[in-house]
Amino acid sequence: MGKTVVQLGYGMQGRASLFDLLKCGQVERVIVADSSPGLSEEIAKLGSKKVTALALDASDVYAVKEVIGEADVVVELLPGFLAFQTARAAVEVGVNLVSSMYLTNPGEQDPQKVLSRRKELEDLDRVAEEKGITILQEFGMDPGLDLVLGGRALKELDEVHAFHSYGAGFPEPASADNPLRYKFTWSIIGVMRSYLRPAKVIDNGKVVDIPADEMFSAKNTHFLDLPEMGGVLECFPNGDSEHFAKSFGLEGHVLSMGRYICRWPGHGAFWKTMAKCGFLGEEPIRCGGKEVSPVEFCASLLGSQEQFFYSDKERDVALIRADVRGLKDGKKRRVVWQITDRKDLETGFTAMQRTVGFPMSIGAQMILDGRLSRKGIVDPTEVPFEPFMEELRRRGLVADRLEEEWKGDLNP
């Protein structure tokens, strides 16, 4: 019997996810629920009898529960602040769910709120497991593919001394033709908010806190020179490595660890100045008699200009990389797993759409056919590696592996 999928959200990444779901033989029906005007017309243009459109305010939990109640699995592509409440709704209804988002707030600094959410997640995990449903979290590109590759690389060494991972999207050199050398392939406000996020790295075995407005500082920047990129990239910490050290069982053992984004040189210096000057702040200010959030102003300003978006023939690049160093059979070894993707000019899907939307669809399909049978809240590292890699390869997303002698350097 065919399966029903409810996809919540039809933004940039949602288009790729739907494209892939509609090609799946086991999926009989897809309901796309979103609040955007013109959704029905857009869905109708696809010409598929499998899919229907539904207007939905995803902040209305009761309405969400009513919609997802008839699904076998939910593909959740909503703004990050709705991720946890949607996952909780799925558990209450008893429906499987795949999300590309964190179920915690990675920028939360209040210890009490962090502990409270952790307890909520523990309770949610227990109930989901009791009900026999799967909540696959953080299953996009970053977080998602980076964790899958990182988890695999870690298993290949007996001792891990350094672990550096990258999840980044940026223009090809020829397309990086504006003052920022950057163009948008996902939520502009999401990008802006990720530029004022505290980070934690591990240096010489000690956790180092990086304030939100220091992520682009020169002392926190390193460079990545990969021939396949066509130039040297500057890289910045953009995640909580202490949290992931605990998740991967590396706490107290790993000497150097970080999670990074990458941009073309010059990008970081600009945003360091903007962050220091308050342009990325959330607190509204008075401007022309109205209340305006600085970060929303920045997003609106950049989003109003064509120079910050790709033309049909321009391509973006997605880079997902896990670099692990340590000991294997008593010898110093370095293992690197990497996925590099570029916009598909035939379908028009950007690399970002492909590396977020396709994993989301694959995760849903693996839940439906039983290849992912783990119940409760499931992390990307718990998804069966080889079957998932094979599904990625079928879509042109190929992971390359490098193993070589490690010379003992810990830093990225």
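The values are calculated or read from the model by the stated rules, or taken from the named source; none is laboratory data. Keep in mind that what you see is a predicted model, and the values were worked out from it rather than measured. A quick note on method: Cβ atoms are made from the backbone with ideal geometry, for glycine too, and the neighbour counts reach across all protein chains shown.
Things worth noting here:
- Scanning the range 1-34 for residues that are at pLDDT below 95, over 20 Å from Phe358 (Cβ atoms) and not aliphatic (A, V, I, L, M) yields a total of 1.
- Some residue of the range 365-372 being of a type in the set (S, T, N, Q) and crowded, with 16+ Cβ neighbours inside 10 Å: yes
- Contacts under 7 angstrom Cβ, first residue in the range 387-411 being modelled with pLDDT of 95 or more and surrounded by 11 or more Cβ atoms within 10 Å (Cβ to Cβ), partner among the polar types (S, T, N, Q) and assigned to a helix (DSSP H, G or I), 6 or more apart: Leu397/Thr355
- Enumeration of residues in the range 83-139 that are surrounded by fewer than 21 Cβ atoms within 10 Å (Cβ to Cβ) and of a type in the set (Gly, Ala, Ser): Gly94, Gly107, Ser116, Gly132
- Residues that are assigned to a helix (DSSP H, G or I) and acidic (Asp, Glu), drawn from the range 42-60: Glu42
- Subset of the range 57-88 (residues that are touching a helix residue (DSSP H, G or I) at 6+ places or on another chain (Cβ under 8 Å) and over 18 Å from Met360 (Cβ atoms)): Asp57, Ser59, Val61, Lys65, Gly69, Gln85, Arg88
- Selected residue [of a type outside the set (Gly, Ala, Ser) and more than 26 Å from Thr347 (Cα to Cα)] from Lys50, Lys65, Lys23, Lys45: Lys65
A quick yes/no check of all residues on (1) modelled with pLDDT of 95 or more; (2) closer than 15 Å to Ile189 by Cβ:
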{"position": "Pro227", "(1), (2)": "no, no"}
{"position": "Gly230", "(1), (2)": "no, no"}
{"position": "Ser241", "(1), (2)": "no, no"}
{"position": "Phe244", "(1), (2)": "no, no"}
{"position": "Gly249", "(1), (2)": "no, no"}
{"position": "Val254", "(1), (2)": "yes, no"}
{"position": "Ile285", "(1), (2)": "yes, no"}
{"position": "Ser293", "(1), (2)": "yes, yes"}
{"position": "Gly303", "(1), (2)": "yes, yes"}
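Residue by residue, here is whether (1) part of a helix (DSSP H, G or I); (2) at pLDDT 95 or above; (3) not acidic (Asp, Glu) holds:
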| residue | (1), (2), (3) |
| --- | --- |
| Leu103 | no, no, yes |
| Glu120 | yes, no, no |
| Glu130 | yes, yes, no |
| Gly169 | no, yes, yes |
| Asp177 | no, yes, no |
| Arg181 | no, yes, yes |
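- Among the residues of the range 336-358, those identified as of a type in the set (A, V, I, L, M) and either outside any helix (DSSP H, G or I) or without any contact (Cβ under 8 Å) to a residue 24 or more places away in the chain (or both) are Val336, Ile339, Leu345.
- Within the range 183-223, being aliphatic (A, V, I, L, M), assigned to a helix (DSSP H, G or I) and more than 17 Å from the chain's Cα centre (by Cα) holds for Ala212, Ala218.
- Output for the range 62-82, where each listed residue is in contact (Cβ under 8 Å) with a residue 12 or more places away in the chain, under 23 Å from Val51 (Cα atoms), hydrophobic (A, V, I, L, M, F, W, C) and assigned to a helix (DSSP H, G or I): Val64, Val67, Ile68
- Look at (1) surrounded by fewer than 21 Cβ atoms within 10 Å (Cβ to Cβ); (2) among the hydroxyl-bearing types (Ser, Thr, Tyr); (3) farther than 13 Å from Thr134 by Cα and you find that Thr355 fails only one, number (1).
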